[in-house]
Amino acid sequence: MGQTLTEKILDEHLVEGDLETGEEIGIEIDQVLTQDTTGTFVWLQFEALGLDEVQTEIAAQYCDHQTYQFDFKNTDDHRFLRSAAGTYGAYFSRPGNGICHNVHKENFAAPGKTLLGSDSHTPTPGGLGQLAIGAGGIDISVAMGGGAYYIEMPEVVEVRLEGELGEWATAKDVILHLLQELTVKGGVGKVLEYTGPGVETLSVPERTTITNMGTELGATSSIFPTDERTRDWLARLDREDEHVDLRPDDDAEYADRIEVDLSEIEPLIATPSMPDNVVPVREVAGTDVDQVIIGSCTNGAYEDVLPAAKMLEGRSTDKTTEMIVAPGSKQASEMLAREGWTAEMMAAGVNFSEATCGACIGIGHVPASDSVSLRTFNRNFEGRSGIEDDNVYLCSPEVATAAAIAGEIVDPRDLADDRGDLEDPGFEMGDKYGPGMGREDPDLIAPDEAVDDDLIKGPNIGDVPLKDPLDADLAGPALLKMGDNITTDHIIPATQDILMYRSNIPKLSEFTLSRVDESFAQRALESDGGFLVAGENYGQGSSREHAALCPMYLGVHGVLAQSFARIHKANLFNFGLLPLTIDAEDYERIDEGDDVEIVDDVAAGVRSGQEEFTVRVNGEWELTGALDASERERRILANGGKLSHVKKQHESGSDAAPADD
Ligand code: MIC
Ligand code: SF4
């Protein structure tokens, strides 16, 4: 039987296990990336593990999420990250140089290589045949130290693309279409592999918009084969020698197949407040728009801003609508500036931001109360923009720009008909990108140019808390009952007031689940243990391990949920929290405040491979909580989390320093 492209790359990197769906496999990691808000813990844990040098081919530390440095705490984090990159041997991308996924794509992403990143949109370079996966920070620390990354072998699903995109339809509409079809849970446990004649009609930047937002489907990763368009892209970066021909075998077998006819795709938009609330733009046409932002790791590239610039040439934005462009990388900004497009857009009423994540997580450009914001981003979870009850829509740069011109949501096809002189700007690549621009990049410091050789920790950079091994008896109240699709933005929001404490767990913990219940953190601390109860897809969204670390710090024992998002579940194991799956009926029956007691000896059960645990509620009735965990995850859980687990192994004289087994 032939292999899928995913299987081929995994096979080449396999260090443990078999490529059987659902089985745990260990893979070698070639490249890692981390960013400023997850990175401090990546390095603090790297240090705590006693590791002293990066072992992967490439390790890159980006400073992208909080580049405005509103508070010295952010600037201290950035200085610490530069010192850690220099000390341990990673590339360092300075604040303002751009979003990790964009800068990585421009400089390092390479077909056939594996990439692990402490950011959920790490799968972005799947668009050029790289197998890229998002994970929690400590998984990055271990991989960076040369340890394998362990994952359940995903199902590989074929997404077959036929036809070609029509006028005004874009790659963003393709992924919005898939979200409409599959929902935010539709990709869980899967790698989406794109095939078919439609592939060659899409350029690499269009492909990376699709792979980037595969994360919103919950997918482990998304990947395209490579072809002449990949070679062309790498050539523009002066990295043509990194091109490798990669495609699945003709007789590859997929777990499932989804067909998309690109010629039927029309302009789509995700309405508030979930990326899968997708409708045709025409369905919400006429809605007044107060703010439009073009940017983010999904649609912040040069080729994403260029159509907006062309549409605005000789026009201006509506007086009621503010338009902001936040390019995904400084390279993109520089290219637009050198070609005169920045000036064109400014003259049209656009406000230019530095290259940053910023507004995507509510840092700057927070929408006005009771207003509508159209963004080319990937997430519109409620409150993520920095104000509760926000109305954030997600769309392509073309749809966003049409709204900025009209002052209301409008299908660009209708705007073009109406105005008579507006043409589809089409998709155009830049001549030369990133390294291809042929000059030294002062914003990307290579390991051999490092300016530090020791860690610099400001007063806000704390220690990594450790948890005791799992107890035999676990009991406590159901501290909070939540619904479906609770995001990591609910658990630990990323807005400015909170983000600056990412390196200070005691302080950060005070904000745990505050978006759901302001009294939660205090109640959890006072209760000396307890459980969280949730519906489906608990912990979707970000890779931030703080969403497990902070509940752990507050003494939470575990989570009873109907299902879990992949990265968050791994983070729960990594911080010694018990993730038990419960059924819908029991979920309905259990209430906040109920007394929860696990009847079995939890520590022994976890170690011995017990799959079902009896949970007694109020001493009156019982439910079954299922533990779906590999042997390795069980050992990590029983030892109180990955850091304690690996430390314990070192103490017991276990050999390979970074390995977690
Ligand atoms: C996000 O888009 O939610 C983030 C902010 O990039 C996160 C990372 C973080 O929380 O630091 C992600 O996607 O993993
Ligand atoms: Fe940054 Fe937003 Fe992309 Fe996350 S989704 S990496 S916050 S631009």
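The criterion of at least 1 residues that are over 28 Å from PRO435 (Cβ atoms) is met by the following strands (runs of 3 or more DSSP E) wholly inside segment 100-166: 149-152, 155-162. Contact map, segment 200-212: residues that are within 18 Å of GLU162 (Cβ to Cβ) and assigned to a helix (DSSP H, G or I) paired with residues that are at pLDDT 95 or above and within 16 Å of ligand 1 (Cβ to nearest atom), Cβ distance under 8 Å, separation 6+ or inter-chain. Pairs shown: ARG207/GLY126; ILE210/ILE175; ILE210/SER222.
I'd like the residue in segment 93-152 that is among the charged types (D, E, K, R) and either free of Cβ contacts under 8 Å to residues at least 24 places away in the same chain or within 16 Å of ligand 1 (Cβ to nearest atom) (or both) and, out of all such residues, is nearest to ALA547 (Cα to Cα). Filtering segment 93-152 for residues that are among the charged types (D, E, K, R) and either free of Cβ contacts under 8 Å to residues at least 24 places away in the same chain or within 16 Å of ligand 1 (Cβ to nearest atom) (or both), the one nearest to ALA547 (Cα to Cα) comes out as ASP119. Can you find a residue in segment 150-167 that is away from ligand 2 (no atom under 16 Å from the Cβ), among the hydrophobic types (A, V, I, L, M, F, W, C), crowded, with 24+ Cβ neighbours inside 10 Å and under 23 Å from ARG375 (Cβ atoms)? Scanning segment 150-167 turns up no residue that is away from ligand 2 (no atom under 16 Å from the Cβ), among the hydrophobic types (A, V, I, L, M, F, W, C), crowded, with 24+ Cβ neighbours inside 10 Å and under 23 Å from ARG375 (Cβ atoms). Listed by position, the helices (runs of 4 or more DSSP H) contained in segment 397-508 that have at least 3 residues being aliphatic (A, V, I, L, M) and under 30 Å from VAL284 (Cβ atoms) are 397-406.
Let's see how each residue does on (1) within 23 Å of ASP528 (Cα to Cα); (2) of a type in the set (A, V, I, L, M, F, W, C):
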| position | (1), (2) |
| --- | --- |
| ARG566 | no, no |
| LEU580 | yes, yes |
| ARG589 | no, no |
| GLY593 | yes, no |
| GLY609 | no, no |
| ARG616 | yes, no |
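Screening SER263 with (1) more than 16 Å from ligand 1 (Cβ to nearest atom); (2) closer than 17 Å to LEU5 by Cα gives one miss only, at (2). The set of residues in segment 285-324 being hydrophobic (A, V, I, L, M, F, W, C), away from ligand 1 (no atom under 16 Å from the Cβ) and under 24 Å from the mean Cα position of the chain (by Cα) consists of VAL292, ILE294, ALA301, VAL305, ILE324.
Let's see how each residue does on (1) within 15 Å of ligand 1 (Cβ to nearest atom); (2) on the phi > 0 side of the Ramachandran plot:
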| site | (1), (2) |
| --- | --- |
| GLY22 | no, yes |
| ASP36 | yes, no |
| GLY39 | yes, no |
| LEU44 | yes, no |
| PHE70 | no, no |
| ASN74 | yes, no |
| PHE80 | no, no |
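In segment 343-374, the residue that is farthest from the chain's Cα centre (by Cα) out of those that are surrounded by fewer than 23 Cβ atoms within 10 Å (Cβ to Cβ) and part of a helix (DSSP H, G or I) is ALA347.
Quick grid of which residues meet (1) in contact with a Phe, Trp or Tyr (Cβ under 7 Å, 6 or more places away or on another chain); (2) buried (at least 17 other Cβ atoms within 10 Å of the Cβ); (3) in contact (Cβ under 8 Å) with a residue 24 or more places away in the chain; (4) in a helix (DSSP H, G or I):
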| position | (1), (2), (3), (4) |
| --- | --- |
| LEU560 | yes, yes, yes, no |
| ASN571 | no, yes, yes, yes |
| PRO579 | yes, yes, yes, no |
| TYR587 | no, yes, yes, yes |
| GLY605 | yes, yes, no, yes |
| GLY619 | no, no, yes, no |
| GLY625 | yes, yes, yes, no |
| ASP628 | no, no, yes, no |
| ARG635 | no, yes, yes, yes |
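For segment 163-215, the tally of residues that are small (Gly, Ala, Ser) and more than 21 Å from GLN540 (Cβ to Cβ) stands at 7. The requirement of being assigned to a helix (DSSP H, G or I) and either more than 13 Å from ligand 1 (Cβ to nearest atom) or touching a Phe, Trp or Tyr at 6+ places or on another chain (Cβ under 9 Å) (or both) is satisfied by THR87.
Contact annotation: residue pairs with Cβ atoms under 8 Å, 6 or more positions apart or on different chains, pairing a residue in segment 335-362 that is within 25 Å of THR320 (Cα to Cα) and among the aromatic types (Phe, Trp, Tyr) with a partner that is away from ligand 2 (no atom under 16 Å from the Cβ) and in a helix (DSSP H, G or I), are TRP341/LEU306; TRP341/ALA309; PHE352/THR342; PHE352/MET345; PHE352/MET346.
Which one is nearest to LYS105 (Cα to Cα), of the residues in segment 312-329 that are buried (at least 24 other Cβ atoms within 10 Å of the Cβ) and more than 12 Å from ligand 2 (Cβ to nearest atom)? The qualifying residue nearest to LYS105 (Cα to Cα) is VAL325. Assess whether GLY593 counts as being surrounded by fewer than 24 Cβ atoms within 10 Å (Cβ to Cβ), in contact (Cβ under 8 Å) with a residue 60 or more places away in the chain and in a loop (DSSP other than H, G, I, E, B). Yes, satisfied. Quick one: in segment 46-76, which of the residues that are polar (S, T, N, Q) and in contact with a Gly (Cβ under 6 Å, 6 or more places away or on another chain) is surrounded by the most Cβ atoms within 10 Å (Cβ to Cβ)? Result: GLN61. Within segment 524-553, if we keep just the residues that are at positive phi and over 20 Å from the mean Cα position of the chain (by Cα), the residue that is farthest from ligand 1 (Cβ to nearest atom) turns out to be ASP528. From the list ALA143, ALA132, the one residue that fits, being buried (at least 24 other Cβ atoms within 10 Å of the Cβ) and out of contact with any helix residue (DSSP H, G or I) (no Cβ under 9 Å at 6 or more places or on another chain), is ALA143.
The values are calculated or read from the model by the stated rules, or taken from the named source; none is laboratory data. Everything quoted here is computed from the prediction, not taken from an experiment. As a convention, Cβ positions derive from the backbone with ideal geometry for all residues, glycine included, and neighbour counts pool all protein chains shown.
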